[in-house]
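Notes follow once the structure below has been shown.
The values are calculated or read from the model by the stated rules, or taken from the named source; none is laboratory data. Since this is a predicted model, take the numbers as computed values, not measurements. In this analysis, Cβ positions are derived from the backbone assuming ideal geometry, glycine residues included, and neighbour counts consider all displayed protein chains. Keep in mind that these areas ignore ligands, DNA and RNA; they rest on the heavy atoms of the full protein, side chains included. Shrake-Rupley method; radii C 1.70, N 1.55, O 1.52, S 1.80 Å.
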Amino acid sequence: FQIKDGLKALCFGRIGFYNKTGQAQLYVEKIEPKGVGELQLAFEQLKERLQKEGLFDQAHKKPIPMLPSKIGIVTSPTGAVIRDILHILRRRFNDIGILIYPVKVQGEGAAGQISEAINELNRIKDIDVLILARGGGSLEDLWAFNEEIVARAIYDSDLPVISAVGHEIDYTIADFVADLRAPTPSVAAEIVIARKEDLAGKLDSLTKDMRSFLDSAVSLHENRLAGILESRSFKYPLEMIERYEQEIDDLRRRRDSHFSYSVEIGTEKLN
């Protein structure tokens, strides 16, 4: 955490005396914020700073694909978390591609491995979405997902990232930066891929709707065609032609009559 003016703190160290002047000095070796844990304060300070920078803004959130062809999973290769995720994914849609990037999820070096995994998986062309997963634990256990290097890697990722760290009550910096937060790793597996049965049901429903729409369209055009076939102009096309021919003849007679009349008037005026 960062030391700021006005912060109440507990200082640990040793006292030294300078005999010539009688001064006492406190050599501080460790500082803890009073009333709140060091990690909790560091968490709040980093959260506030990254939020001001815009790393949590909804405008930067990428949509999660409905049916990804391949999922990248960043987690420990051992333990219940990866087994639960794989079990759910295979049960829901066993044709999905899965690439596991094994990392440390706790302790020294974990944050560096996680951020490197995110960067590396972004270089693989056929991956559609990433899941960061870890089981529950204390704030200290989950601390790798509160490191700034991980937050920056998630923010810079071109692939959408689902954060599935800890239990439902646990929140990490990764949760706030990620495109989607899942309360548990198992829920992340359920979110990222729909059940094949559900997709088949939706497809069946869409197919029925399409058939109904097409049937209605065909019926409408059939009715229009039937009306055209029953119309007098379609049944007796020559009648319409004869009517137009009669109108043309009438126009010709009127034209000739008018022309003759005009010539006659003009002749009389000349005489």
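Any residue that is modelled with pLDDT under 90, farther than 18 Å from Pro63 by Cβ and out of contact with any Pro (no Cβ under 6 Å at 6 or more places or on another chain) - is there at least one of those in the stretch 156-166?
Checking the stretch 156-166: at least one residue is modelled with pLDDT under 90, farther than 18 Å from Pro63 by Cβ and out of contact with any Pro (no Cβ under 6 Å at 6 or more places or on another chain).
Can we say Asp128 is touching a Lys or Arg at 6+ places or on another chain (Cβ under 9 Å), within 30 Å of Glu44 (Cβ to Cβ) and either of a type in the set (Asp, Glu) or buried (at least 20 other Cβ atoms within 10 Å of the Cβ) (or both)? Let's see the steps before the verdict.
Numbers: touching a Lys or Arg at 6+ places or on another chain (Cβ under 9 Å): yes; within 30 Å of Glu44 (Cβ to Cβ): no; either of a type in the set (Asp, Glu) or buried (at least 20 other Cβ atoms within 10 Å of the Cβ) (or both): yes.
Taking the combined requirement at face value, the residue does not satisfy it.
Within the stretch 43-56, does at least one residue satisfy the condition of being surrounded by fewer than 16 Cβ atoms within 10 Å (Cβ to Cβ) and among the hydrophobic types (A, V, I, L, M, F, W, C)?
So far as the stretch 43-56 goes, no, none of its residues is surrounded by fewer than 16 Cβ atoms within 10 Å (Cβ to Cβ) and among the hydrophobic types (A, V, I, L, M, F, W, C).
Looking for something open to solvent by less than 10 Å² (accessible area, probe 1.4 Å), within 24 Å of Arg83 (Cβ to Cβ), modelled with pLDDT of 95 or more and not polar (S, T, N, Q) - is there at least one such residue anywhere in the stretch 184-192?
No: zero hits.
Which of the residues that make up the stretch 154-173 are open to solvent by 30 Å² or more (accessible area, probe 1.4 Å) and either β-branched (Val, Ile, Thr) or more than 17 Å from Ile85 (Cα to Cα) (or both)?
First pass over the stretch 154-173, keeping only residues open to solvent by 30 Å² or more (accessible area, probe 1.4 Å): 155-156, 158, 167-169, 171.
Listed by number, the residues that qualify are Tyr155, Asp156, Asp158, Ile169, Tyr171.
Among the residues in the stretch 15-30, are any of a type outside the set (Phe, Trp, Tyr), open to solvent by 90 Å² or more (accessible area, probe 1.4 Å) and within 28 Å of Val187 (Cβ to Cβ)?
no
Looking at this structure, is Lys202 more than 18 Å from Gly72 (Cα to Cα), modelled with pLDDT under 85 and surrounded by 15 or more Cβ atoms within 10 Å (Cβ to Cβ)? Don't jump to the end; show me each part of the working.
Details: more than 18 Å from Gly72 (Cα to Cα): yes; modelled with pLDDT under 85: yes; surrounded by 15 or more Cβ atoms within 10 Å (Cβ to Cβ): no.
Spelling it out, it is not the case that Lys202 is more than 18 Å from Gly72 (Cα to Cα), modelled with pLDDT under 85 and surrounded by 15 or more Cβ atoms within 10 Å (Cβ to Cβ).
Taking into account only those residues within the stretch 80-118 that are open to solvent by less than 20 Å² (accessible area, probe 1.4 Å) and within 17 Å of Ser186 (Cα to Cα), which is farthest from the chain's Cα centre (by Cα)?
Per the criteria, the residue is Ile82.
Go through Ala144, Ala151 for me and flag whichever is free of Cβ contacts under 8 Å to residues at least 60 places away in the same chain and open to solvent by less than 30 Å² (accessible area, probe 1.4 Å).
Ala144
For the stretch 1-101, list the strands (runs of 3 or more DSSP E) that sit wholly inside it and hold at least 1 residues that are farther than 19 Å from Ser157 by Cα and free of Cβ contacts under 8 Å to residues at least 24 places away in the same chain; which are they?
Answer list for the stretch 1-101: 9-18, 23-33.
In the list Ser233, Ser186, which residue meets the criterion of being touching a residue at least 12 places away in the same chain (Cβ under 8 Å), outside any loop (DSSP other than H, G, I, E, B) and either in contact with a helix residue (DSSP H, G or I) (Cβ under 7 Å, 6 or more places away or on another chain) or aromatic (Phe, Trp, Tyr) (or both)?
Testing whether each residue is touching a residue at least 12 places away in the same chain (Cβ under 8 Å), outside any loop (DSSP other than H, G, I, E, B) and either in contact with a helix residue (DSSP H, G or I) (Cβ under 7 Å, 6 or more places away or on another chain) or aromatic (Phe, Trp, Tyr) (or both) leaves just Ser186.
Need the failing condition index for Gly166 against (1) on the phi > 0 side of the Ramachandran plot; (2) in contact (Cβ under 8 Å) with a residue 40 or more places away in the chain, just the number.
The single condition Gly166 does not satisfy is (2).
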